[in-house]
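Nothing in this text is a laboratory measurement; each read-out follows from the coordinates by a stated rule. Since the structure is predicted, the reported quantities are computational estimates derived from the model, not experimental observations. All Cβ positions, glycine included, derive from the backbone under ideal geometry; neighbour counts span all protein chains shown.
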Amino acid sequence: MLQPLQVLSLYAPHAGTLASLLATRVAVAPQHECLVFEDAALDYAELQSQAERAALMFARRGVKSGDRIGVMSTNHPSTVITLLALGRLGAVMVPVNPEFRAAEAGYVLDHAQVSGVLCSPETLATVREALATAAPWIMLNRGAAGAVPLFDDELAAADGPAPPDAGTPDEPCVFVYTSGTTGFPKGVMHSQRTLLLAGEGFVQRMYLQPDERLLCILPMFHINALFYSLAGALAAGATLILVPRFSAGSFWHDVARTRATEANTIAAVSNILLRRPRSEFVPGHALRKIYGAPFSAETYSVFAREFGVPTLIEGYGMSEIPGALNNPFEGPHKVGSMGKPSVHPDPRVVLAQLKIVDDDGRELPDGSTGELAVKTPLAMLGYFRDPQQTAAVFRDGWFLTGDLAWRDGDGYYWFVARKKDIIRKRGENISGAELDRVIESHPEVLQAAAIAVPDELGEDEILVAITLRPDATLDAAAVTTWCRERLAAIKVPRYVVFVEVLPQTPTHRVAKYRLRADAAALLSRAVDLAARRVRGAGRK
């Protein structure tokens with residue numbers, strides 16, 4: 001196995017742009033498989049050729065440096081080709097969650113001020129409705145010929161010399177819209193340099209090899225897919241395997257069929273796979289490495305013992321600061337830890353500096369809980385059209401994550417809670433995330449979300465909203481009993497409400513801001529354990 005720096009040293013230095021990195025990989029292994037989707041594959045030379053033709057195609061449509069182009073589709077090769085093509089023009093790709101409704105998509109496309117949208121047939125109606133009051137052009141990435149131009153047809157017609165590489169390392173190349181805590185997505189601007197640095201950092205994080213086959217199951221509006229899977233594969237000169245979307249039922253079949261050696265997940269994916277019927281598992285696969293977070297001790301055990309995946313690496317990143325922390329590939333691994341500051345294969349590149357600070361920005365000693373602050377060349381350029389929010393999250397070059405954490409004596413960091421996920425009760429700070437984890441450990445609970453609601457004394461009381469597994473018989477009293485056995489009395493929820501579903505962010509986290517906005521309605525249906533009375537139906 002090559003060391004990470006040896007992998008990068010196989011290729012000539014690039015100029016910090018997507019086009020220059022791709023050219024260095026083509027120069028070494030032009031016919032090495034680069035992008036796989038369903039039954040089709042592109043080698044590195046073919047991907048470069050298609051990206052150059054797409055750049056010409058977009059240029060003929062009037063796309064120029066600084067323009068934004070939306071992409072609203074499940075995972076598809078056209079997304080990768082579009083990113084590379086726009087990067088060559090110095091333009092910006094704006095990926096949009098294909099599950100968005102028209103109002104949600106409309107907000108992103110309008111805020112980004114896109115001049116065109118590439119979409120799939122499934123999202124065409126939504127895109128049209130979202131753009132009802134605007135006039136960007138629309139293109140389909142697949143489907144039958146019709147009134148809307150097709151990506152492949154336009155690509156075939158783009159005959160002529162490729163535009164020169166007008167991309168620059170430090171100008172925006174992608175906007176990642178993050179849900180945040182307010183409900184209004186913010187456009188996180190990243191440059192070509194940060195995208196490529198993140199990919200090189202991922203080579204180090206997962207010891208990626210040129211013959212690696214990375215299975216991308218996460219959507220390409222997500223930093224994990226863009227900055228780790230795609231950028232990591234390109235940096236290593238490896239193969240990226242795209243599937244349209246994650247399917248728990250076909251995951252192991254996809255792993256075996258594609259001969260994938262590495263995959264990236266999020267907690268929701270690994271937890272789902274743990275609980276799927278073992279009849280879906282396909283033995284004899286080649287998968288050896290998974291990146292994601294957080295992983296429980298059960299996750300490590302089941303994936304190694306039952307699924308034959310020996311290496312799981314936990315890490316931490318945000319849309320604003322991808323790839324800030326990870327458990328070292330060669331260990332030691334601390335289960336549940338965010339890990340140590342990520343490093344670049346080249347020791348001359350300082351990838352991440354971290355510290356724990358109090359509300360006044362003073363650094364705290366090991367063992368003390370405070371806000372995690374990060375200084376990294378991977379940091380976003382800022383929030384698009386939002387200089388006030390950009391200024392609010394940076395202090396003297398350090399990005400304030402809004403996450404509470406602490407560092408142990410070995411230099412490993414441990415997540416506590418979102419700073420805004422703190423419930424203030426009788427003068428004490430209670431982590432909503434801690435309550436969620438404890439309640440979700442109950443075998444009948446599918447998902448739990450604890451939020452603060454007002455109490456009679458003007459402080460906070462705890463309400464927990466819960467979704468149950470099929471055939472569960474759990475009631476509110478049993479929830480509090482479970483909590484009393486595992487938590488200090490002050491942390492036991494007063495209100496319990498059972499719901500059919502919990503609102504989700506695009507990255508499959510509970511959208512607690514929506515629960516807080518709906519607190520009055522939740523209270524009206526909740527069981528008040530302190531008063532021993534039912535405020536509503538209790539379970540819906």
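Simple point charges give the picture: +1 on the Cβ of Lys and Arg, -1 on the Cβ of Asp and Glu, and for the range 13-121 a dipole about the Cα centre of about 480 debye. In the chain, the longest principal axis of the Cα atoms and the axis of helix 192-206 are about 70 degrees apart.
The length gained on full extension between residue 488 and residue 359, counted as 0.36 nm times the residue separation minus their Cα-Cα distance, comes to 43.9 nm. Counting 0.36 nm for each residue step from residue 424 to residue 155 and taking away their Cα separation leaves a gain of 91.1 nm.
Among the GluC sites (Glu not before Pro) in the range 431-515, those located in a DSSP loop and surrounded by at most 16 other Cβ atoms within 10 Å of their own Cβ are 444, 456, 459, 485, 500. Please compare each pair in 375/420; 375/491; 420/491; 64/375; 334/420; 186/340 to a cut-off of 23 Å on the Cα-Cα distance and tell me which ones are over it. With Cα atoms farther than 23 Å apart: 375/491; 64/375; 334/420; 186/340. Computed from label points 7 Å out along Cα-Cβ, the spacing between residue 46 and residue 28 is 2.2 nm. Please name whichever of 260, 6, 335 sits farthest to the positive end of the charge dipole of the chain, dipole taken about the Cα centre and charges placed at Cβ: Lys and Arg +1, Asp and Glu -1. Most positive-ward Cα: 335.
Computed about the Cα centre, the dipole magnitude for the range 264-350 is approximately 160 debye when only Lys and Arg (+1) and Asp and Glu (-1) carry charge, each at its Cβ. Using only the Cα atoms of the range 306-457, build the gyration tensor, take square roots of its eigenvalues as a ≥ b ≥ c, and label the shape rounded, prolate or oblate: rounded if a/c is under 1.5, else prolate if a/b is larger than b/c, else oblate. Taking the square roots of the gyration eigenvalues as a ≥ b ≥ c, the range 306-457 is oblate. FRET efficiency for the residue 530 to residue 148 pair, using the beta carbon distance and R₀ = 60 Å, is estimated at 0.55. A helix-only calculation puts the chain at -8000 deg cm²/dmol for mean residue ellipticity at 222 nm, using -39500 (n - 2.57) for each DSSP H run of at least four residues, averaged over all residues.
In plain terms, the chain from residue 132 to residue 472 could stretch by 117.9 nm, reckoned as 0.36 nm per residue minus the Cα-Cα distance.
Would you please classify the overall shape of the range 155-208 from the alpha carbon gyration tensor, given that a ≥ b ≥ c denote the square roots of the eigenvalues, rounded means a/c under 1.5, and beyond that prolate means a/b larger than b/c while oblate covers the rest? Note, shape of the range 155-208 comes out oblate.
Using a cut-off of under 13 Å, list every residue of the range 94-124 whose amide N is near the label point 7 Å from the Cα of residue 518 along the Cα-to-beta-carbon line. Backbone N within reach: none found. Place +1 on the Cβ of every Lys and Arg and -1 on the Cβ of every Asp and Glu in the chain, take the dipole about the Cα centre, and give the residue among 249, 177, 155 whose Cα lies farthest towards its positive end. Result: 249. Listed by chain and number, the aspartates and glutamates placed with their C-alpha closer than 18 angstrom to that of residue 289 are 200, 211, 212, 254, 262, 298, 306, 314, 330; residues fewer than eight positions away on the same chain are left out.
Rounded to the nearest 20 debye, the dipole magnitude of the range 375-415 is 180 debye, with +1 charges on Lys and Arg beta carbons, -1 on Asp and Glu beta carbons, and the Cα centre as origin.
Here the calculated FRET efficiency for residue 110 and residue 250, from their Cβ-Cβ distance with R0 = 41 Å, stands at 0.70, rounded to the nearest 0.05. For the range 426-534, a/c is less than 1.5, where a ≥ b ≥ c are the root eigenvalues of the C-alpha gyration tensor. That puts it in the rounded class.
Once the C-beta distance of residue 392 and residue 101 is scaled by a Förster radius of 22 Å, the resulting FRET efficiency is 0.15 to the nearest 0.05. The label point for residue 350 and the one for residue 330, both projected 7 Å from the Cα toward the Cβ, are 2.3 nm apart.
Between 0 and 90 degrees, rounded to the nearest ten: what's the tilt of helix 77-89 against the longest Cα principal axis of the chain? It works out to around 70 degrees. Given the alternatives [x] 85, 52, 47; [y] 67, 65, 48; [z] 76, 54, 53, Cα extents along the principal axes in Å as computed for this entry is given by [z].
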